[in-house]
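Contents: one structure, followed by commentary.
Every read-out reported here was derived from the displayed coordinates using simple, explicitly stated rules and does not represent laboratory data. None of the values given here were measured: they were computed from a predicted structure. Note that we place each Cβ from the backbone using ideal geometry, even for glycine, and neighbour counts take in every protein chain shown.
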């Protein structure tokens with residue numbers, strides 16, 4: 001049987017906040033021990049003391065998490081706080097892994113993380129696992145390449161569910177949590193298997209507001225030219241002089257609500273990417289790749305479309321459970337979605353809860369998401385591929401295997 005408890009704390013001291021959030025989560029789990037711990041926190045809590053506080057309660061249970069741009073709970077968003085979920089599942093297999101120097105070589109970082117987890121260098125276990133849950137530094141790097149490196153180890157169709165960590169919209173430095181380690185410029189993950197069932201769904205709700213343009217120059221996660229002109233010109237056309245006034249410090253906070261959308265094979269809606277910063281030559285730096293020759297459009301969302309996408313992602317996750325009841329949910333939502341929703345941000349988690357029921361939930365606002373558009377355990381060798389996304393919500397529903 002799978003069960004979970006989730007809670008949060010906004011105590012000032014990192015150790016005390018981690019300890020309180022973990023204690024409340026374990027109390028709601030109504031167990032003395034747990035088999036998996038997830039931790040999401042505001043950047044100011046990113047200290048070794050936070051992890052010590054959590055582990056003072058949860059012991060040696062495998063731990064994964066990161067800093068964020070806001071916690072997500074069943075009641076909605078919370079800021080300047082720590083959120084913890086404790087999961088209990090007898091026979092659960094969890095194997096951790098990590099890769100560093102993500103900015104310098106993102107593909108190698110992703111491969112190292114997945115290989116450590118598969119080979120059990122940091123833990124124990126056997127079998128291929130059912131999914132790879134990963135957290136990475138969202139302030140830098142090419143996350144399409146991180147995913148590609150991980151897939152080289154686990155397979156192109158193996159479910160990789162991931163989040164690019166946030167730092168409250170600063171885009172300067174994030175932290176990743178794995179076991180007792182506080183990491184920077186890294187990707188960390190848990191290869192999870194055993195008698196646990198999961199279903200995942202993802203949607204975004206953004207629609208096109210411009211005619212199609214063509215990417216005519218790109219390398220890695222940088223788009224240098226669109227329609228044979230500087231890539232930034234696309235934003236100048238729609239944002240006017242405001243595009244020239246944007247510094248790299250606030251660029252992503254504006255462009256995240258005006259991402260580029262493009263078609264991808266097998267996806268029910270366009271993939272979207274928002275640029276995080278601008279090069280001196282007017283190129284756009286993304287968190288994932290947009291290939292040369294791709295047709296792109298500017299995209300925009302409404303409050304109603306954001307809520308509809310949240311409800312759709314939750315329903316996809318529930319359907320993927322194959323009739324099993326959801327016992328808990330992990331939700332990753334792009335920080336752009338909170339910007340669109342404004343004071344009505346709590347409606348998003350309410351929409352998820354209306355579909356999945358009154359179950360423990362935890363998650364975070366983040367800068368990027370990795371997931372197949374729909375997948376279930378056991379992993380399907382012919383299932384949809386995992387992809388790096390922006391502006392999306394990913395709902396991971398956990399049930400009994």
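Legend: calculated FRET efficiency, residue 119 to residue 90, from the Cβ-Cβ distance at R0 = 22 Å, rounded to 0.05, equals 0.35. Treating the angle as unsigned and between 0 and 90°, give the value, to the nearest 10°, between the Cα long axis of helix 106-119 and the longest Cα principal axis of the chain. The two axes meet at around 20 degrees.
The range 154-169 and the range 63-101 have Cα centres lying 13 Å from one another. Once the chain from residue 291 to residue 172 is taken as fully extended at 0.36 nm per residue, the excess over their C-alpha distance is 40.3 nm. Taking the C-alpha atoms only, the angle from helix 303-320 to the longest principal axis of the chain is near 50 degrees.
Set the Förster radius R0 to 41 Å, insert the Cβ-Cβ distance between residue 319 and residue 281 as r into 1/(1 + (r/R0)^6), and round the FRET efficiency to 0.05.
Calculated transfer efficiency: 0.35.
The structure shown yields P(r) over Cα pairs in 10 Å bins from 0, in percent, and of the options (i) 4, 20, 31, 26, 13, 4, 1, 0, 0; (ii) 5, 26, 36, 24, 8, 1, 0; (iii) 4, 18, 21, 19, 18, 13, 6, 1, 0 that calculated value carries the label (ii). Here the residues 58, 294, ranked from fewest to most Cβ neighbours within 10 Å of their Cβ, fall in the order 294, 58. Here's the picture: a label point sits 7 Å out from the Cα of residue 346 along the beta-carbon direction, and within the range 184-221 nothing has its amide nitrogen under 11 Å of it. Report the paramagnetic label zone for residue 32: residues of the range 74-94 whose backbone N is under 18 Å from a point 7 Å from Cα along the Cα-to-Cβ axis. Counting only backbone N, you get 87-91. The three principal axes of the C-alpha atoms in the range 247-352 carry coordinate ranges of 52, 35, 21 Å, sorted with the longest axis first. Rounded to the nearest 10 degrees, the inclination of helix 14-29 to the longest alpha-carbon principal axis of the chain is 60 degrees.
If R0 is 56 Å, what FRET efficiency do you get for residue 233 and residue 47 from their C-beta distance, rounded to 0.05? The value I calculate is 0.85.
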